[in-house]
1. In this structure, is residue 262 in contact (Cβ under 8 Å) with a residue 40 or more places away in the chain, under 24 Å from residue 28 (Cα atoms) and not assigned by TED's automatic domain parsing to the domain that holds residue 352?
2. Any idea which residue in segment 53-75 is nearest to residue 351 (Cα to Cα), counting only those that are surrounded by 19 or more Cβ atoms within 10 Å (Cβ to Cβ) and modelled with pLDDT of 90 or more?
3. Has segment 52-64 got any residue that is farther than 27 Å from residue 235 by Cβ and more than 15 Å from the ligand (Cβ to nearest atom)?
4. Quick one: which strands (runs of 3 or more DSSP E) sit completely within segment 79-184 and have at least 2 residues that are under 22 Å from residue 450 (Cα atoms) and not basic (Lys, Arg)?
5. Only residues that are in contact with a Cys (Cβ under 8 Å, 6 or more places away or on another chain) and assigned to a loop (DSSP other than H, G, I, E, B): list them for segment 387-427, please.
6. Return yes when residue 385 is in contact with a strand residue (DSSP E or B) (Cβ under 7 Å, 6 or more places away or on another chain), within 16 Å of the ligand (Cβ to nearest atom), among the hydrophobic types (A, V, I, L, M, F, W, C) and not assigned by TED's automatic domain parsing to the domain that holds residue 322 and no when it is not.
7. Provide a single number: the residues in segment 229-242 that are within 14 Å of the ligand (Cβ to nearest atom) and over 20 Å from residue 38 (Cα atoms).
8. Quick one: is residue 41 in contact with a Gly (Cβ under 7 Å, 6 or more places away or on another chain), near the ligand (Cβ under 8 Å from one of its atoms) and either free of Cβ contacts under 8 Å to residues at least 24 places away in the same chain or of a type outside the set (Val, Ile, Thr) (or both)?
Amino acid sequence: MSNQKVDCIIIGAGMSGLAAGIRLSMYNKKVLILEKHSISGGLNSYYARGKRKFDVGLHALTNFVSPSDRGKPFNKLMKQLRIPYEEFKLSQQNYSLIQFPEKTLKFTNEINVLTEEISRNFPHEVDGFIRLLEHIRNFDEVNLNNETVMAKVVVGNFIKEKSLVEMIFCPLLIYGSAWENDMDFSQFVIMFKSIFLEGFSRPEGGVRTILDLLLKRLKVNGGELKYRAEVTRIISHNGKIFGVEINHNEIIECDQVLSSMGLPETYGVVSEFEELKKPQTGNLSFCESILVTDKKPRDLGIDATIIFYNNRPEYLYQKPKTLFDTESAVVCFPNNFKYDSFEDDYSEGVLRVTNIANFELWNELKSSEDSYLYREQKENVFLNAQKILKSCGLKSEYNVNFKDIFTPTTIKRYTQHFDGTVYGSTDKSRNGTTPIHGLYICGTDQGFLGIVGSMLSGISMANLHVLQGDLK
Ligand SMILES: Cc1cc2nc3c(=O)[nH]c(=O)nc-3n(C[C@H](O)[C@H](O)[C@H](O)COP(=O)(O)OP(=O)(O)OC[C@H]3O[C@@H](n4cnc5c(N)ncnc54)[C@H](O)[C@@H]3O)c2cc1C
């Protein structure tokens, strides 16, 4: 039964869906965001345990820029959303490390620091690195006509030392590649600019600050958001969008649908086009240990904000054959940003260790009769996290006041992404189109990911496919 008609339905109240909703409601479109869960944020949400609040996704916001740097992605984003830069109350990282067995490289939001580190650790490669920087700076990574070229081939033209190539790729792969061990060069440049040339920061209050700003903006514009509204069917007639079914019973008509569910997940609920090519489900998921400690990391000998830890000569960015990769991790210390006041907004120490994980193996455990096995393996993740923290230099004189461990099955449960994948399918829809007229993809599977990337995706897909007429 159809009882409502809107201009545009957006599926998902993650970063991309909220940004698209704000943009469309700004131009007086009747917009309805449908979110399966009872809170917003998707992969970048938050939860509370007692008095403690935790971010799920956010380690750091990439693409840090000063407010005056107008042409840069973050400032463009804020302009499009009409959110003043100051409201994010950003604090920059102290510094980050890429820690491999033989060498460690430090980087900050100033690229010179990384260049100097390379000059000291790999003196024969620094000229090649400077030429690579030049090439990256001049490259138009968002041009939709760019050919797909594997990044390791291109970088190999500038840098010969394999271990340096592995070290440079490590943060860029784990913070945004749906592909194993390599990525398309355009994606590499997006990641390189956002992490090494622009850098990391954190909003005061974490991800809630971003979500509160987005929700406030959506409300001011008159955009509508409905929670506990799972899209169970996307309905089209003769290849043209008609509307969606929610919670298996209610039908809402619309002219356009922007879906941030993911490409395979979207096609999975399309009513027409049974023959739609099934896009690949990505292989990469994570587990994470969150430790709340009685001492802060700086009192335990660590000032770094993020450590990209790898205990092999090569960096294996791929689905592990075991439950999780014990030899590599991203280790994040949210207390260690350059907060204005000396104190950060946590009263305790917070340590986060994220490992690449195998969804199928965790899912088998979770589905088995014996829930003890699942809990036991989660405990192993935690014990391994403590081992990694020690290898990163954390002194062991701390007590764990609270701990929480999430696995790929948790990610699937809260985001619906097939196989708990975080960076989506390896099949992307770069221009957001699908075979159904009026159905578009935004967010991770349009190709831009991370917090800033997915918001940019929501805005650009809204501009390109729904607002073309209004923007002329
Ligand atoms: C552990 C972890 C750490 C991360 N760290 C960082 C970081 O430090 N910095 C950074 O920039 N990025 C980070 N990310 C990545 C970032 O979170 C994502 O790239 C980004 O949030 C993706 O946003 P999205 O809108 O594309 O998709 P999603 O966040 O997946 O949003 C999709 C939304 O759609 C909803 N949905 C799905 N199916 C339906 C349905 N049928 N009906 C209705 N609603 C539905 C989901 O519930 C969800 O809310 C991290 C992610 C994880 C998991």
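1. Values: in contact (Cβ under 8 Å) with a residue 40 or more places away in the chain: yes; under 24 Å from residue 28 (Cα atoms): no; not assigned by TED's automatic domain parsing to the domain that holds residue 352: yes.
So residue 262 fails the test.
2. Out of the qualifying residues, it is 59.
3. Scanning segment 52-64, I find at least one residue that is farther than 27 Å from residue 235 by Cβ and more than 15 Å from the ligand (Cβ to nearest atom), so the answer is yes.
4. On the way: elements: 90-92, 96-99, 104-107.
In segment 79-184, 90-92, 96-99 are the strands (runs of 3 or more DSSP E) which contain 2 or more residues that are under 22 Å from residue 450 (Cα atoms) and not basic (Lys, Arg).
5. Across segment 387-427, the qualifying residue is only 407.
6. No, not satisfied.
7. Step one: list which residues in segment 229-242 are within 14 Å of the ligand (Cβ to nearest atom), which gives 229-235.
Subsequent filtering for residues that are over 20 Å from residue 38 (Cα atoms) retains 234-235.
Count: 2.
8. Working: in contact with a Gly (Cβ under 7 Å, 6 or more places away or on another chain): yes; near the ligand (Cβ under 8 Å from one of its atoms): yes; either free of Cβ contacts under 8 Å to residues at least 24 places away in the same chain or of a type outside the set (Val, Ile, Thr) (or both): yes.
Yes; evaluated as a whole, the condition is true for this residue.
The values are calculated or read from the model by the stated rules, or taken from the named source; none is laboratory data. Quick caveat: nothing in here was measured; it's all calculated off a predicted structure. Counting neighbours? That spans all protein chains shown, and the Cβs are built from the backbone with ideal geometry, glycine included.
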